[in-house]
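Worksheet for the structure shown next.
Computed from the coordinates by the stated procedures, all read-outs in this text should not be read as laboratory data. Values in this document were obtained by computation on a predicted structure and should not be read as measured data. Here Cβ is always computed from backbone atoms with ideal geometry, including for glycine, and neighbour counts include all displayed protein chains.
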Amino acid sequence: MYNQNMQDENQYNEKIAQNIRLLRKKNKYSQEYLAELIDRTREHVNRLEKGRETIGFSTFIKLAQIFNVSLDELAGYKTN
């Protein structure tokens, strides 16, 4: 059961990472610019996009607002 939960969490993080990268590029934002918007470093954004960093809830909300998408869309549960 534990291994399945870890796999689910990894898939979740990978989907969010992919969505952050796609939305950043769609909006033509650099990693540096997005980092400024969410008050983080470019390295932090890079780790988020590679799924190497678990996203905090406040950052998750900020990104949804910046990209003008729902939390469900950012998480990969819903698409327009």
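Assorted remarks:
- Separation of the ILE61 and GLU32 label points, Cα + 7 Å toward Cβ, nm: 3.0
- Over the chain, the hull volume per residue, using the convex hull of the C-alpha atoms, is 83 Å³.
- Using the Cβ-Cβ distance between GLN11 and ASP72 with R0 set to 22 Å, the FRET efficiency works out to roughly 0.85.
- Selection of chymotrypsin sites (Phe, Trp or Tyr not before Pro), segment 21-80, meeting DSSP coil and at most 15 other Cβ within 10 Å: TYR77
- Within segment 1-74, the trypsin sites (Lys or Arg not before Pro) that combine a DSSP coil assignment with at most 11 other C-beta atoms in a 10 angstrom radius are LYS28, ARG52.
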